[in-house]
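Taking it in order: structure first as structure tokens, then the write-up.
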Amino acid sequence: MLVCGRRLLTALLQARRWPFQPSRDMRLVQFQAPHLTGPHLGLESGNGGGVINLSAFDPTLPKTMLEFLEQGEAALSVARRALAAQLPVLPRSEVTILAPVTRPDKVVCVGMNYMDHCREQNVPVPKEPIIFSKFGSSIVGPYDEIVLPPESQEVDWEVELAVVIGKKGKHIKAADAMAHVAGFTVAHDVSARDWQMTRNGKQWLLGKTFDTFCPLGPALVTKDSVADPHNLKICCRVNGNVVQSSNTNQMVFKTEELIAWVSRFVTVYPGDIILTGTPAGVGVFRKPPIFLKEPEQEEGWRRHWSLGHNQGFLQ
């Protein structure tokens, strides 16, 4: 059975500083620490590793991801120099990892965009992208709690690849779309199925956008660190059991097609997030359906959702 509770790291990091080990991966994070005021930008030293404070490397850099992305290549070049330097790292135990992007102009979502997800519903593959949205207020960090609203009894999981926009654009051609991408992260399109499928005229918005229904992160992996975003393992575990296991090669509409489609209707801005759909294995289409429950209804649970280099642990 499934229980919803707090997300915590499953491994403890030594409470000391160690030299930053350069990697080809640039993993940008937003974080807080007791000795710092407000959120800061950092580089994660490998998946689940410590964090280098970019402000310590260059105090002129913005302290939020949104402002960082708005500065474009100039800010990224500074982060690349920091990545190559031998710099002190804050141990993971000393920082709180936030969502990599907060307060975006928009969170765009794509429905039924995995072939295996269409098969599990016994519905045809869409001929055009199915677009809906979440409000920015639904975003929480990768280790924050998902709050189950009393208005719903059918809260479900959906692991997704998220694209983060790095450059403003409108009417973007598919061939040019990757020039507008800053990078990728992992997202969770938490869904209240009763509100999505039966209530409110069967419109999806309310069922998708309760507070805390968009866990994001931990890291924004820059596009040059991802060899092929359409050939990544994507999975979700609940109570230690794999409930979703697929590959982004199952996507019906790839990143370039989605950006071209969305930008026909709206301007995309740096920091905008596109959730690209979920694979098969969601709870609502199981027989019988299975949904997340409050901790007092079940004993502890653990969900692990991962995407290539990007991983989140929920407990």
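The values are calculated or read from the model by the stated rules, or taken from the named source; none is laboratory data. As the structure is a prediction and not an experimental result, all values here were calculated from the model. Positions of Cβ are backbone-derived with ideal geometry, glycine not excepted, and every protein chain shown enters the neighbour counts. Protein only, heavy atoms only, side chains kept; ligands, DNA and RNA dropped before computing areas. Shrake-Rupley method; radii C 1.70, N 1.55, O 1.52, S 1.80 Å.
Annotations
- Criterion applied to ALA74, ALA79, ALA177 was being modelled with pLDDT of 95 or more, farther than 25 Å from LEU258 by Cβ and open to solvent by less than 10 Å² (accessible area, probe 1.4 Å), and the one residue passing it is ALA79.
- Extreme residue, nearest to THR185 (Cα to Cα), among residues of segment 126-146 that are polar (S, T, N, Q) and in contact with an Asp or Glu (Cβ under 8 Å, 6 or more places away or on another chain): SER138
- Flag for PRO218 being in a loop (DSSP other than H, G, I, E, B), more than 17 Å from PHE132 (Cβ to Cβ), modelled with pLDDT of 95 or more and open to solvent by less than 10 Å² (accessible area, probe 1.4 Å): yes
- Restricting segment 10-36 to residues that are open to solvent by 70 Å² or more (accessible area, probe 1.4 Å), closer than 20 Å to ASP144 by Cα and not in a strand (DSSP E or B), the residue that is modelled with the highest pLDDT is PRO34.
- Test for GLN250: is it open to solvent by less than 50 Å² (accessible area, probe 1.4 Å), touching a Phe, Trp or Tyr at 6+ places or on another chain (Cβ under 7 Å) and free of Cβ contacts under 8 Å to residues at least 60 places away in the same chain: no
- All conditions in (1) open to solvent by 10 Å² or more (accessible area, probe 1.4 Å); (2) closer than 27 Å to ARG286 by Cα; (3) modelled with pLDDT of 95 or more; (4) not hydroxyl-bearing (Ser, Thr, Tyr) hold for GLN244, with the sole exception of (1).
- Verdict on VAL140 being farther than 25 Å from LEU220 by Cβ, surrounded by 15 or more Cβ atoms within 10 Å (Cβ to Cβ) and either among the hydrophobic types (A, V, I, L, M, F, W, C) or modelled with pLDDT under 95 (or both): no
- Residue that is surrounded by the most Cβ atoms within 10 Å (Cβ to Cβ) [pool: residues in segment 89-104 that are β-branched (Val, Ile, Thr) and within 25 Å of CYS214 (Cβ to Cβ)]: VAL101
- The strands (runs of 3 or more DSSP E) found wholly in segment 80-177 and carrying at least 1 residues that are without any contact (Cβ under 8 Å) to a residue 40 or more places away in the chain occupy 130-134.
One line per residue, one yes/no per condition, for (1) buried (at least 21 other Cβ atoms within 10 Å of the Cβ); (2) under 30 Å from SER55 (Cα atoms); (3) over 14 Å from the mean Cα position of the chain (by Cα); (4) of a type in the set (S, T, N, Q):
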| position | (1), (2), (3), (4) |
| --- | --- |
| ALA84 | no, yes, yes, no |
| LEU87 | no, yes, yes, no |
| PRO126 | no, no, yes, no |
| LYS134 | yes, no, no, no |
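- Counted residues, segment 178-215 - those being outside any loop (DSSP other than H, G, I, E, B) and within 19 Å of PRO149 (Cα to Cα): 16
- The single residue among VAL226, VAL284 that is over 30 Å from GLY42 (Cα atoms), touching a strand residue (DSSP E or B) at 6+ places or on another chain (Cβ under 6 Å), open to solvent by 10 Å² or more (accessible area, probe 1.4 Å) and in contact (Cβ under 8 Å) with a residue 60 or more places away in the chain turns out to be VAL284.
- Within segment 221-279, the set of residues being of a type in the set (S, T, N, Q), in contact with a helix residue (DSSP H, G or I) (Cβ under 7 Å, 6 or more places away or on another chain), under 17 Å from TRP157 (Cα atoms) and not in a strand (DSSP E or B) comprises THR276, THR278.
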